[in-house]
Amino acid sequence: MKSYRKELWFEVPGRRAFVNITPQVRQCLRESGVREGLVLVNAMHITSSVFVNDDESGLHHDYEVWLEKLAPHAPVAQYRHNVGEDNADAHMKRQIMGRETVVAVTAGELDFGPWEQIFYGEFDGGRRKRVLVKIIGE
Amino acid sequence: MKSYRKELWFEVPGRRAFVNITPQVRQCLRESGVREGLVLVNAMHITSSVFVNDDESGLHHDYEVWLEKLAPHAPVAQYRHNVGEDNADAHMKRQIMGRETVVAVTAGELDFGPWEQIFYGEFDGGRRKRVLVKIIGE
Amino acid sequence: MKSYRKELWFEVPGRRAFVNITPQVRQCLRESGVREGLVLVNAMHITSSVFVNDDESGLHHDYEVWLEKLAPHAPVAQYRHNVGEDNADAHMKRQIMGRETVVAVTAGELDFGPWEQIFYGEFDGGRRKRVLVKIIGE
């Protein structure tokens with residue numbers, strides 16, 4: 001069994017953003033030499049997400065509005081977590097969008113349907129944060 | 001290490017449905033010959049889900065009502081993604097219900113609790129769509 | 001390839017609770033002898049969750065309030081599932097918080113960011129329930 005590990009680093013300038021990280025994950029897969037197996041891609045922070053969806057800017061705007069409706073940032077004092085913090089909403093948004101994705105590797109490629117892309121979802125940006133890529137297989 | 005791959009195809013007539021796919025996944029596991037390992041089951045489309053829950057029609061009705069409340073289909077013009085599309089809500093419902101599940105394989109069986117069943121969740125039906133089953137182990 | 005399996009048992013006295021199970025999962029990893037691989041940790045019941053987030057009591061209070069807003073327990077008669085049951089809301093809360101997490105194993109350790117902790121989320125307690133830990137790797 002082969003295994004491979006890499007950290008991808010991000011620094012999103014504002015509070016929230018969606019970043020397509022499919023090219024970086026594909027590069028990791030090439031470096032791993034794994035032909036059949038599984039790729040785990042997960043946020044290493046608890047106020048950000050890794051998820052699979054469409055690379056379409058209108059949809060990303062819709063996600064932003066929708067997540068803000070389901071888990072509003074303000075007023076920050078509505079959350080007990082916000083003592084010296086203001087990111088409780090980010091911990092909630094991350095639960096809806098998810099921590100991780102597991103993707104199949106087949107014949108050395110990410111085994112994806114036609115529109116699947118991997119995103120880093122940042123909900124509490126403005127600092128350097130990490131995503132872990134772990135690949136196991138043969 | 002053994003690996004196995006199969007696509008399951010679905011065509012749901014209406015817009016939304018929940019389909020119990022546990023028998024098909026179990027059949028895949030038998031075909032794979034894997035006794036110890038992991039099964040990944042994921043939607044290959046970004047407007048549908050794979051998730052584990054109860055096979056109970058009342059609950060499925062409740063999910064339908066609940067998801068429509070959290071991410072309403074209409075009015076379609078409320079979503080920027082809906083330019084030549086009307087499925088933005090399906091991209092949101094899928095995030096709540098999830099893209100994938102990873103299930104343990106022990107002694108050649110799906111290692112499930114008493115009520116766990118695997119479902120395909122369709123939120124934008126009326127066309128042929130796929131689920132990927134990938135199994136690795138020994 | 002090595003594989004390891006253990007069930008963790010819980011009996012939460014009230015209806016809902018979040019329990020940090022990271023020490024137990026770490027103990028499983030030590031017992032497994034796996035140095036490189038993946039750990040799957042999943043609820044074996046469909047009214048509870050396994051998820052990764054922060055071990056901070058204010059945040060857990062915020063999650064409780066937030067989940068109750070998104071999927072209220074009462075009135076129980078609003079859900080068709082609640083015929084001889086009163087736990088339909090627990091099936092919904094579990095979908096938001098998730099069934100499972102997959103964690104990378106690197107050099108014999110859970111490969112975590114600085115604040116990641118694994119939680120059992122109970123939404124329908126008062127009875128003995130289980131979490132499955134499955135580890136594969138080398």
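Descriptive notes on the structure:
- Selection count, the range B:80-89, where residues are facing another protein chain (nearest Cβ under 10 Å) and more than 24 Å from the chain's Cα centre (by Cα): 2
- Residue that is surrounded by the fewest Cβ atoms within 10 Å (Cβ to Cβ) [pool: residues in the range A:19-40 that are within 12 Å of another protein chain (Cβ to nearest Cβ) and closer than 16 Å to A:Phe119 by Cα]: A:Leu40
- When the range C:41-79 is limited to residues that are buried (at least 19 other Cβ atoms within 10 Å of the Cβ) and farther than 24 Å from A:Glu100 by Cα, the one that is farthest from the other protein chains (Cβ to nearest Cβ) turns out to be C:His73.
- Positions within the range B:99-129 being crowded, with 22+ Cβ neighbours inside 10 Å and either small (Gly, Ala, Ser) or more than 9 Å from every other protein chain (Cβ to nearest Cβ) (or both), in sequence order: B:Ala104, B:Ile118, B:Phe119, B:Tyr120, B:Gly121, B:Glu122, B:Phe123, B:Asp124
- Output for the range C:34-61, where each listed residue is among the hydroxyl-bearing types (Ser, Thr, Tyr) and either in a strand (DSSP E or B) or more than 20 Å from C:Glu85 (Cα to Cα) (or both): C:Ser48, C:Ser49, C:Ser57
- Hey, C:Glu64 out of contact with any helix residue (DSSP H, G or I) (no Cβ under 8 Å at 6 or more places or on another chain) and part of a loop (DSSP other than H, G, I, E, B) or not: no
- Residue that is modelled with the lowest pLDDT, among those in the range B:1-18 that are over 13 Å from the mean Cα position of the chain (by Cα) and within 13 Å of another protein chain (Cβ to nearest Cβ): B:Met1
- Within the range B:5-29, the set of residues being in a helix (DSSP H, G or I) and either touching a residue at least 24 places away in the same chain (Cβ under 8 Å) or under 30 Å from A:Asp55 (Cα atoms) (or both) comprises B:Thr22, B:Gln24, B:Val25, B:Arg26, B:Cys28, B:Leu29.
- Residue within the range B:125-133 that is touching a residue at least 24 places away in the same chain (Cβ under 8 Å), β-branched (Val, Ile, Thr) and on the phi < 0 side of the Ramachandran plot present: yes
- If only residues of the range B:1-18 that are open to solvent by less than 40 Å² (accessible area, probe 1.4 Å) and not small (Gly, Ala, Ser) are counted, the one that is nearest to B:Gly125 (Cα to Cα) is B:Val12.
- Count of the range B:82-95 residues, restricted to those that are in a helix (DSSP H, G or I) and open to solvent by 10 Å² or more (accessible area, probe 1.4 Å), is 1.
The values are calculated or read from the model by the stated rules, or taken from the named source; none is laboratory data. Computed from a predicted structure; not experimentally measured. Glycine gets a Cβ as well: all are built from the backbone with ideal geometry, and neighbour counts include every protein chain shown. Surface accessibility is based on the protein's heavy atoms, side chains included, excluding ligands, DNA and RNA. Shrake-Rupley method; radii C 1.70, N 1.55, O 1.52, S 1.80 Å.
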